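The values are calculated or read from the model by the stated rules, or taken from the named source; none is laboratory data. For clarity, every value in this text was computed on a predicted model and none was experimentally measured. Here Cβ is always computed from backbone atoms with ideal geometry, including for glycine, and neighbour counts include all displayed protein chains. To get the accessible areas, we keep the full protein, side chains included, count just its heavy atoms, and leave off ligands, DNA and RNA. Shrake-Rupley method; radii C 1.70, N 1.55, O 1.52, S 1.80 Å.
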Amino acid sequence: MGQLSGPTDPTADARWEHSHPRKGFFTDTSICIGCKACEVACKEWNHNPQDGDLELLGSSYDNTGELGASTWRHVAFIEQGQERIIEARESGRALVNLGMPRIGPPTQSAPAPTNLAEADTTPPDTADFRWLMSSDVCKHCTHAGCLDVCPTGALFRTEFGTVVVQDDVCNGCGTCVAGCPFGVIERRSNGTVKVATSREEQHANHPEVPNVGIAQKCTLCYDRLVADETPACAKACPTTSIKFGDHDDMVETARERVSALHAQGLTEARLYGANENDGVGGTGSVFLLLDEPEVYGLPPDPRVPTADLPRMYRRAGMAVAGMAAAAALAFLGGRA
Amino acid sequence: MTLSEFDSFRPAEPARRRRQDGKRGPGRRRDNGDGSREMPMVPEQEFTSYYGRPVVKPAPWGDDVAIYLFLGGVAAGSALLGAGGQLTGRPTLCRNARLGALAAVGGGAVALVKDLGRPERFLHMLRTFKVTSPMSVGSWILSAFSAGAGVSAVAEIDRMSGHRLPLGPLRKVLQAVEGPAGIEAAVFAGPLAAYTAVLLGDTATPTWNAAHEELPFVFVSSACLASAGLAMVTTPVREAGPARNLAVLGVVGDVVAMKVMERRMDPIAAEPLHQGKAGAMLKWSERLAVAGGLGALLGGRNRVVAAASGLALLAASALTRFGVFEAGIASAKDPRYTIEPQKNRLAARRAAGVTGDAITTGS
Ligand code: SF4
Ligand code: SF4
Ligand code: SF4
C-alpha cells in the first residue's frame, strides 16, 4: 500500500516492478467539435450495451446524459451567452493572477503567467454566444477513491498507472460507486435496456447485457494498451481533442496549450487535474476547460475520501472504546 | 498579493469582503467563488451545475443496507450484553442476548448479500484484506464476530432443546468453547458497530463524508440503545438491569453525538439530515429514543413499560440508520451538496492564502 494522498507515482505504490511510464489523456476541450466519435468508438470497442431509453434529454446536443456503467465517454454540451463568457474569462484570469505555484521544475516552453498582461481581451473579441463541448472520461486518479475502497480487489492499478475493474472478481458491492469523487464508476443494471417493439428485427434480438451487477468504467483501453495500441476514443477523435500518451508528456502539452490560449487572450482557459497537489494527487486524464469545472459537471474541489481514512479509523476506535466502557458501566454501575 | 497590471481587473473591494463574510456565515455564497461579481443588488446567482445533474453517484444500495446498519448494531450490542450476562451470572440475559446477536447478525448478513450485484460472489469479500477499504475490514470483522456469536448461540439452543442437537462428541467441545466464543464476539462487537460509520464516511457522498468525524459515535450509541431495547423486550426485568443502564447511556450518547455532528458538519452538507423523508425519520428517531430512554430509566422495572420502551428504542435505532442512509443518498443526487461545499472550502483555502492545492489551475 502506498500513501493515501499527495503527489506520488501510483504504479510504484502498487508495487509494479518495472518502469512503464504512466499513461494518460489530455482532453483539450477548446478544439472539441462535439462529434461524439469517442463515445461511439468506446461503445463499439468495449461492447457496451445501450444506456437508457434513447430519449431526448433537453440538454443541447447531449442526449447521453452522464458517465455510467455503459457510457465510458460522455460529451458534454453547454450553451452560453456573452455574459457568461465574460464571467468565465474573469474567473480564469483570477486563477492565473492567484499566482498558482508551478508544479515541478519550470519549463522553458511555457511563458510566465504574467505574459497575460499583453493580451487584449476587450470586446468585440468576445463572442456573444458559444458552445462548450467536452469529452469526459474516468480520471484514472493518482489516488483513486474507487480503487481504495474496493473490498474484493476487483479494481486494480495497472502497470500503466490506470485503474481497471476485473469483471470476474467484482461482486457488485457498489462501494466504489460511492467512493469516486467524480461520479464515474457505476454498477451495471439490466433494467435499462428496453428495445422498442416497433424497431427492426436485428434490434429486437438485442444482445444480452454483459456483466450485469458489476461495476464498470473506462479501462483506458487496457486491452489495447497491452498491445501497444492507442485507446479507441483517442484514435477516433478527428480533431486530436483527445490526446493520449505518457502522463508527463500530457501534462506538459496541457501547460503549453493553456499558455498559448492565454497569450491569445482566451483567459477562460484553465487546466483541470494537472496539479499533483490537489485532493486526488492529480488525475491521469487531464483536461483543458473553458469555464469553471462545475459548468461541465465536474467537482470543483474533489478530495479522495480515503485521505481522511486514518482519522476516521481513529475516531471509530474512540467510539469502540466508548461503547465498551458504556457496557462495562451498565453492568458494574448501580441501580441494576 | 501580486502587483500586476491585472490588479485593475481584480474584483471590487465589497465583493472581496463578501467572500470572507460568506466563510463566517452559513456558507450560502453564490458568487462563483472567484469574487468576480460586483453588483450586490442583483439577486445572487444559483450555483452552476451541468443541467442540474448530480456530480457524484449515489451508492447503488437499497434499503437492505440500511437494514444491515440497524441489525449489525443490534447484534453488536447484544453480544456485549451476552458477554456481560455470562460474566456476571445472568443466564437469561446471556441466553436472550446471544440468541438476539445471532439472529440479528444472520439477518444482517443476508441483507448484505442480497444487496450485492452478484450475490453468488459474496465470498469474494474475503479473498483479500485491504485496510484502505472499510468494506473489506468490515467483512472480516463481521466474519469474526459471526463465528463467536454463532458458537455461543448454538450452545444456548442446544441447552434450551435439552441437548437434543445431533452434536455427538462435539457437544463437549461446544460447551468448552462456548464461554470464550461469547467473549470473542464481544471483542468484535464494538468494531462491528463502528465500522459501518467509517464505511459511509469514506465515500464521496457529501452528507456521509461531512459526517465522518461524529458518525461512529452516533452509530455505536444507536447500537447500544437498540440492543438494550431488544433485551428489555425479551428479558424479565429482574435480569435486565444492565440493559436498562445501557439503554440510558445509549440514548444520551445518541442524542448528544447527533447534535454535535450536525453542528460540526458543513452546514450545506448537513441540510439533507433535516429535509424530507430523512429529516422526518431522524426527528422521530430522536423522540422515540428519548421516550424509550425515559421509560427505561423511570419505569423499566415494570415489565410492560420495559417492553414498550424497548420497542421504542429499537424503532429509534432503525430510524436513525434509515435517516442517515437516506440523507446521504439524497445528498448525492443533488449537485448542490457536492458543488457548494467544495466551492466554499476552496474559496476559504484561497482566502487563507493556500493556493497550491486546487484541481483547477491557470497554468
Ligand atoms: S475518476 Fe472515479 S472511477 Fe475513475 S479512477 Fe478516479 S475514483 Fe476511480
Ligand atoms: S462493486 Fe466491484 S469493483 Fe466496486 S468496490 Fe465492489 S467489488 Fe470492488
Ligand atoms: S480509453 Fe477505451 S474504455 Fe476508456 S473511454 Fe476511451 S475507448 Fe472507452
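Structure notes:
- Gain on full stretching of the segment that runs from B:Gln275 to B:Ala144 - 0.36 nm per residue minus C-alpha separation: 43.4 nm
- Area of B:Val177 that stays accessible when all protein chains are in place (1.4 Å probe, Å², to 10): 60
- The gain in end-to-end length when the B:Arg53 to B:Val260 segment is fully stretched comes to 71.4 nm, 0.36 nm per residue minus the alpha carbon separation.
- Cβ-derived FRET efficiency at R0 35 Å, B:Leu167 paired with A:Arg314, nearest 0.05: 0.25
- Note on A:Ala328 and A:Ser189: their simple-model spin labels are 4.7 nm apart, each label 7 Å out from Cα toward Cβ.
- Using 0.36 nm per residue and subtracting the Cα-Cα separation, the extra length available between A:Asp53 and A:Asp167 on full extension is 38.6 nm.
- 12 Å cut-off, amide nitrogen to a point 7 angstrom out along B:Met160 Cα→Cβ, residues in the stretch B:227-248: B:234-235
- Total formal charge among the other residues, if their Cβ is under 9 angstrom from that of B:Cys94, Lys/Arg +1 and Asp/Glu -1: +1
- Once all protein chains are placed together, B:Lys57 keeps about 20 Å² accessible to a 1.4 angstrom probe.
- In chain A, lysine pairs with alpha-carbon atoms under 22 angstrom apart (chain gap of 8 or more, or interchain): 21
- For the stretch B:175-290, relative contact order (Cα pairs under 8 Å, six or more residues apart, normalised by length) works out to 23 percent.
- Number of Lys-Lys pairs in the stretch B:56-334 with C-alpha atoms under 21 Å apart and a separation of 8 or more places or on different chains: 6.
- Neighbours of A:Gly213 by Cβ distance under 15 Å: Lys/Arg scored +1, Asp/Glu scored -1, total -1.
- Three-way shape label, the stretch B:159-304, alpha-carbon gyration tensor, a/c 1.5: oblate
- Estimated [θ] at 222 nm from DSSP helical runs (n ≥ 4, -39500 (n - 2.57)) normalised by residues in chain A, nearest 500: -8000 deg cm²/dmol
- With DNA, RNA and ligands ignored, accessible area of B:Asp63 (1.4 Å probe; Å², nearest 10): 80
- Counting Cβ atoms of other protein chains within 10 Å of each Cβ in B:54-67 and taking the mean gives 5.
- Cα-projected label distance for B:Asp64 with A:Thr8, points at 7 Å along beta-carbon direction, nm: 3.3
- Other residues lying with their Cβ under 12 Å from the Cβ of A:Gly174 contribute a combined charge of +1, Lys and Arg counting +1, Asp and Glu -1.
- Residues of the stretch A:236-250 with an amide N closer than 11 Å to a point placed 7 Å from the Cα of A:Trp16 along the Cα-to-Cβ direction: A:247.
- Efficiency of FRET from Cβ geometry, A:Ile33 and A:Thr126, R₀ 22 Å, rounded to 0.05: 0.60
- Going by accessible surface with a 1.4 Å probe and the largest first, A:Tyr61, B:Tyr51, A:Tyr296 read A:Tyr61, B:Tyr51, A:Tyr296.
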